[in-house]
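What follows is a set of notes on a single structure, which appears directly below.
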């Protein structure tokens, strides 16, 4: 259990597992990875966690699921094509965080979404980890003209900001 | 006169359990968030012929303690199952505060409130302990039958 409190890295991996399970074949990476991050890509990055209540081992984490898509036109490409492809991937990713659990509404406690994330994390061997609550705090959109000049240039950046309550223990 | 080099003092900080102990109370499974204790008593004032207070009599001194907890357990279900409402005027026992006067037998005085919102649930209630140990023993003994 000595490595249990690397909670931000564990949360990155749990989100990667969840998005990868939801969108087959998508290029999904944790923020803390040394791989090339070629667009289109989904980057799962847990930015900050505060232990609440203090000394409890329970963290409230702010995490981002960032969808980076190519903004530049390729040869012979219709001008709408990059935007359409971007919207399609952004919609697929964002919809994953608004799923209902066999009922006609998304539950109000954030527990269903947490349990979806737990199931994916467990399947990918992310341990010790339990998400107890998750909700979308904000959605943002932007543009990055510096993203990997070697990766074909500038990209759009659409982001989900999440608030998650997680603990480095299994099966809570 | 103070020291010319400030070296600090010991202070009371946080909820203050005894070292290595968890603050516990019978019947409540949770993490203590806050405790606020107030010393209270009844005061009778005796006035002189000009209506100025000439003497005062204090009776029934006691402590009132407001507690706020986050319900918790070995799992989310256990935390939910652990939320129970205490018996009115029932005895509860507090353990492991570093401040000794907070430990011991207390009487539950009602207003137990469970707050559910989009954050951690909070459970709060008020308990009472009399300064006189014999009076406190009598008032925290639940008569059965």
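Laid out as a table, the results:
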{"item": "Residue A:141 paired with residue A:88, simple spin-label distance in nm, labels 7 Å along Cα-to-beta-carbon", "result": "1.8 nm"}
{"item": "Estimated distance in nm for a label pair at residue A:77 and residue B:19, the labels positioned 7 Å out from Cα along Cα-to-Cβ", "result": "6.4 nm"}
{"item": "Per residue Cα convex hull volume in Å³ - calculated over region B:26-139", "result": "139 Å³"}
{"item": "Nearest 10 degrees, 0 to 90: helix A:81-96 Cα axis against chain A principal axis", "result": "10 degrees"}
{"item": "Residue exposure sequence - A:5, B:39 - by fewest surrounding Cβ within 10 Å", "result": "B:39, A:5"}
{"item": "Size of the protein assembly as shown as Cα extents on the principal axes (Å, biggest first)", "result": "103, 64, 46"}
{"item": "Rounded to 10°, Cα long-axis angle of helix A:111-123 versus longest principal axis of chain A", "result": "80 degrees"}
{"item": "Two-site FRET efficiency, residue A:119 against residue A:5, from Cβ-Cβ distance with R₀ of 30 Å, rounded to 0.05", "result": "0.85"}
{"item": "More than 16 angstrom apart: percent of Cα pairs within region A:1-122", "result": "68 percent"}
{"item": "Inter-site label distance for residue B:101 and residue A:35 at 7 Å from Cα along Cβ, in nm", "result": "6.2 nm"}
{"item": "Compactness of region B:51-108 as Cα Rg over 2.2 N^0.38 Å, two decimals", "result": "1.76"}
{"item": "Fewest-first ranking of B:111, A:170, using other Cβ atoms within 10 Å as the exposure measure", "result": "B:111, A:170"}
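Only the coordinates and a few stated rules stand behind these numbers; no lab work does. Just so we're clear, the structure is a prediction, and the values are computed from it rather than from any experiment. So basically every Cβ, Gly included, is an ideal-geometry build from the backbone, and we count neighbours across all protein chains shown.
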